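Asker: This is the structure I have questions about; it appears just below.
The values are calculated or read from the model by the stated rules, or taken from the named source; none is laboratory data. Worth saying up front: this structure is predicted, and the values here are computed from it rather than measured. As a convention, Cβ positions derive from the backbone with ideal geometry for all residues, glycine included, and neighbour counts pool all protein chains shown. Remember, those area values only see protein heavy atoms, side chains included, never the ligands or the DNA or RNA. Shrake-Rupley method; radii C 1.70, N 1.55, O 1.52, S 1.80 Å.
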Amino acid sequence: RRVIVRIGIVLSNEGGALAKMVPLFQMFAGGPPGEGSQWFSWIHRDDLVNMLITAIDDSRYEGVVNGVAPSPVRMSEFCSRLGQTLGRPNWLPVPGFALNAVLGEGASVVLDGQRVVPSRAQELGFQFRTTSVQQCLEVELVKEVSSSFI
């Protein structure tokens, strides 16, 4: 059998898109790329790992499976929630021409976006642990204060 997992934007505090966006927001320079109306189909790193393991172990997984969370958001909403989570404003959109200059053809991925949902994974009973982008940002970015330091 062959399983093809089409992976969305993986969110993790250890790298990737989130690691590139957080410093901009921390410097009060965060905002959505382009108009912000494009879809942002994301998945939490742990959910992706669990999905890949499940796809290997469960023979019902066959063909194409979308490796994304069940709740895609618009880029403007994602940036707004990221700013709120970090306690920073979401006010400086990145113009499309600037992204084209920096990313070349890769800018279309950021500027166009796609609304993708994990229909097949859900039909097969896959259980997501992180279902909202706000929950994901809180898990990855909000540091708990250890009682041992108090």
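Asker: Considering each residue of the range 125-150, count those that are modelled with pLDDT of 95 or more, in a loop (DSSP other than H, G, I, E, B) and within 26 Å of residue 88 (Cα to Cα), and give that number.
Answerer: Residues in the range 125-150 being modelled with pLDDT of 95 or more, in a loop (DSSP other than H, G, I, E, B) and within 26 Å of residue 88 (Cα to Cα): 3 in total.
Asker: If I ask for residues that are β-branched (Val, Ile, Thr) and either surrounded by fewer than 20 Cβ atoms within 10 Å (Cβ to Cβ) or closer than 19 Å to residue 22 by Cα (or both), which ones from the range 49-84 would you list?
Answerer: Within the range 49-84, 49, 53, 54, 56, 64, 73 qualify.
Asker: Could you tell me how many of the residues in the range 91-124 are open to solvent by 40 Å² or more (accessible area, probe 1.4 Å) and either modelled with pLDDT under 90 or farther than 21 Å from residue 34 by Cβ (or both)? Spell out the reasoning first.
Answerer: As a first pass, look at the range 91-124 and keep what is open to solvent by 40 Å² or more (accessible area, probe 1.4 Å): 91-95, 97, 100-103, 105, 108-112, 114-115, 117, 119-120, 122-123.
Checking which are either modelled with pLDDT under 90 or farther than 21 Å from residue 34 by Cβ (or both) leaves us with 91-95, 97, 100-103, 105, 108-112, 114, 117, 119-120, 122-123.
Counting residues in the range 91-124 that are open to solvent by 40 Å² or more (accessible area, probe 1.4 Å) and either modelled with pLDDT under 90 or farther than 21 Å from residue 34 by Cβ (or both) gives 22.
Asker: Please tell me if residue 14 is surrounded by fewer than 17 Cβ atoms within 10 Å (Cβ to Cβ) and farther than 22 Å from residue 134 by Cα.
Answerer: Numbers: surrounded by fewer than 17 Cβ atoms within 10 Å (Cβ to Cβ): yes; farther than 22 Å from residue 134 by Cα: no.
The answer is no for residue 14.
Asker: Within the range 29-45, identify whether any single residue is open to solvent by 30 Å² or more (accessible area, probe 1.4 Å), under 30 Å from residue 2 (Cβ atoms) and among the β-branched types (Val, Ile, Thr), and answer yes or no.
Answerer: no
Asker: Next question, about the same structure. I need the full set of residues from the range 9-49 which are touching a strand residue (DSSP E or B) at 6+ places or on another chain (Cβ under 9 Å), assigned to a helix (DSSP H, G or I), among the hydrophobic types (A, V, I, L, M, F, W, C) and modelled with pLDDT of 90 or more, in order please.
Answerer: Hit for the range 9-49 is 48, nothing else.
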